[in-house]
1. Within the stretch 225-242, can you find the residues that are in contact (Cβ under 8 Å) with a residue 40 or more places away in the chain and surrounded by fewer than 16 Cβ atoms within 10 Å (Cβ to Cβ)?
2. Scan (1) surrounded by fewer than 16 Cβ atoms within 10 Å (Cβ to Cβ); (2) in contact with a helix residue (DSSP H, G or I) (Cβ under 8 Å, 6 or more places away or on another chain); (3) assigned to a helix (DSSP H, G or I); (4) not aliphatic (A, V, I, L, M) for the single condition Gly222 breaks and write down its number.
3. Residue pairs, Cβ under 9 Å, 6 or more apart or interchain, first in the stretch 280-296 and farther than 18 Å from Ala46 by Cα, second surrounded by fewer than 19 Cβ atoms within 10 Å (Cβ to Cβ) and of a type in the set (D, E, K, R). List them.
4. So is Ala233 farther than 21 Å from Ala159 by Cβ and hydrophobic (A, V, I, L, M, F, W, C) or not?
5. Identify the single condition in (1) within 23 Å of Phe219 (Cα to Cα); (2) not in a strand (DSSP E or B) that Asp93 does not satisfy, given that it satisfies every other one.
6. Which residues, counting only those in the stretch 128-156, are closer than 13 Å to Ala184 by Cα and part of a helix (DSSP H, G or I)?
7. Quick one: Phe294 ticks every box in (1) at pLDDT below 95; (2) over 18 Å from Ser182 (Cα atoms) bar one, so which box is it?
8. Mind checking whether some residue in the stretch 299-315 is in contact with a strand residue (DSSP E or B) (Cβ under 6 Å, 6 or more places away or on another chain) and closer than 26 Å to Leu114 by Cα?
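The values are calculated or read from the model by the stated rules, or taken from the named source; none is laboratory data. This is a predicted model, so every value here is computed, not measured. All Cβ positions, even for glycine, are placed from backbone atoms using ideal geometry, and neighbour counts span all protein chains on display.
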Amino acid sequence: MRQAGRSLPEYRAIRGEGSILEAIKQPELSAEITIQPVHRYGVDAAVLYSDIVVPPHAVGFGIDVKPGTGPVAETPIRSAADLDRLRPLEPDDVSYVADTVDLLVAELPHDVPLLAFAGAPFTVGSYLIEGAPSRTYENTKALMHTDEVLWHRVMERLADQAITFIDVQLQHGARAFQLFDSWAGSLSVADYDRFVFPHSQRVFGELADRHPGIGGIHFGIGCDHLLERMYAAGPQVIGLDWRTPIQAARRRLGADTVVQGNLDPALVLAGAEPALKGTRAVLADNAGHPGHIFNLGHGVQPDTDPGVLGEIVSLVHELTER
């Protein structure tokens, strides 16, 4: 997960105060933060230090990431007039991200690929419409069901931004990408199909056309009921949180399905013994299938013991060495 470094003392030593969005605008700092987990743990890939609200922030929508809270928009989307603040993303808007990718591609060993990422239209849209993190998504669902035309215009604009944002990262040397639809699990299957699926499908489809052979990963939290639909959107890899067993996912999606996941991050917080026991259980669930990217089933918590993460990485490498 992209938060792999945020529990590290070396991260806290250089991160500085204030919004993550300001740190992301500093390519040398962002590159160093991205590569810290690679240096410490010897993990098999690096995930760009960035954030899902970089695109709307970069076009001047008016959103920031408040420490301890998350993305906050002072003036949320309430009418078609608010779309004027959500203009299309141009590559020059995120030139600092391209510069960060350039630095990382030059520094990372060739066998450690850099992964790009973006937020999916629904999840990013929920922040722009709610104005802050939400448990109920009341404004988001209200817009869906009271002004479907505006809803789809917002989703189309955010899909455009996600495509451009990932495309910039891939053009500069990232070798795979992840689309985070973290909060799609708040939707029913019917609402997902009607209001979300077409837009996520377009992101994967257009990126596949632009970058043949580049793998895309699709991930959401609490999305077991949406698993088939999220996979049908077009990723090459489906991310699983800790609730969905790997073998159950392959029974539903196909025996050759490539999965990412899915150790419960709470086990990491519980200490080395439960974390390593859980790691062995995840690997046993995968049963030696070659199509598995071992990962947590959600992000690394800031108060995670870095030593426990190191033991997990070592165990995974030991048990999967060929």
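1. Narrowing the stretch 225-242 to residues in contact (Cβ under 8 Å) with a residue 40 or more places away in the chain: 225-226, 229-230, 235, 237, 239-242.
Across the stretch 225-242, the qualifying residue is only His225.
2. Status for Gly222: all satisfied but (3).
3. Listed pairs, sorted by first residue: His289/Asp256; Gly291/Asp256.
4. Details: farther than 21 Å from Ala159 by Cβ: no; hydrophobic (A, V, I, L, M, F, W, C): yes.
When the stated conditions are applied, Ala233 does not pass them.
5. Of everything listed in (1) within 23 Å of Phe219 (Cα to Cα); (2) not in a strand (DSSP E or B), Asp93 misses just condition (1).
6. Taking the stretch 128-156 first, the residues closer than 13 Å to Ala184 by Cα are 134-137, 140-141.
If the condition is that a residue be closer than 13 Å to Ala184 by Cα and part of a helix (DSSP H, G or I), then Thr140, Lys141 are the ones that fit.
7. (1)
8. Within the stretch 299-315, the subset in contact with a strand residue (DSSP E or B) (Cβ under 6 Å, 6 or more places away or on another chain) is none.
No: the stretch 299-315 contains no residue that is in contact with a strand residue (DSSP E or B) (Cβ under 6 Å, 6 or more places away or on another chain) and closer than 26 Å to Leu114 by Cα.
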